[in-house]
Amino acid sequence: MTELNRYTVLPFSGARFHENESRLGDGELPCAICGKVVAQPFAHTATVVGGGAWAETAEDAANTTDAGYMGVWGIGPNCHAKYLVKAANGRTSPLKVFLGLTYTQGKQLRTIVAARTQKTAAQLLGIPLNHLQRYWSVSGNKVDLDTALASPEVVFLASDSVRRDYSPAPTSTSNAKAAGQ
Ligand SMILES: [Zn+2]
């Protein structure tokens, strides 16, 4: 079955795509994201159109005579789990990076976490959802995005409220729990 999967990163954007692809043996096919071999039959697929974009509609995916059509690709289980954008019919949305402050040992620490929903972020932070909605924002800062998106659902704390010298929260929930209460 052909799925219309889309991902939060572009096709062929893995840093080692070409290197990984060049190592494939006869008959092996690369993951469209990282270039590593994907077991066949594919558990997950995506259609690449427009010369390097994920097909978003069945119509795009079926337009095989378009000049930018690049075919149906397998997606490896790791890339699928890490980057999948679930359909808007309700299950989940793309990863967002939530930014706020947590209070630890009398200090305010800039805090980020990548999650697909506010609810998940609040759970990971151990704070009430309405607290997150009221005091937290969705970050567009490059450092925040690079840090949090590399490890979804991991809470990162900076050393104060201004710097972005993040490291993973030692015990993410207990730290943040103290903050939410
Ligand atoms: Zn991959």
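Summary of computed values
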| quantity | calculated |
| --- | --- |
| Exposure proxy order (Cβ contacts within 10 Å, fewest to most) of SER159, SER22 | SER22, SER159 |
| Longest to shortest principal axis, alpha-carbon extents of the stretch 6-85, angstrom | 32, 26, 24 |
| Overall form of the chain per C-alpha gyration tensor (a/c, 1.5; a/b vs b/c) | prolate |
| Fluctuation leader among ARG134, ARG16, ARG163 - the chain, Gaussian network, Cα springs under 10 angstrom | ARG134 |
| The stretch 100-128 and the stretch 38-60: distance between their alpha carbon centers, rounded to Å | 34 Å |
| Ellipticity estimate at 222 nm from DSSP helix runs (n ≥ 4, -39,500 (n - 2.57)) divided over the chain, nearest 500 | -7000 deg cm²/dmol |
| Residue-count net charge about SER137 - beta-carbon cut-off 13 Å; Lys, Arg +1, Asp, Glu -1 | +2 |
| Relative contact order [Cα under 8 Å, 6+ residues apart], the chain, whole percent | 18 percent |
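Only the coordinates and a few stated rules stand behind these numbers; no lab work does. A quick note: this is a predicted structure, and the numbers were derived from the prediction, not measured. Heads up, the Cβs are rebuilt from the backbone with ideal geometry, glycines too, and the neighbour counts pull from every protein chain shown.
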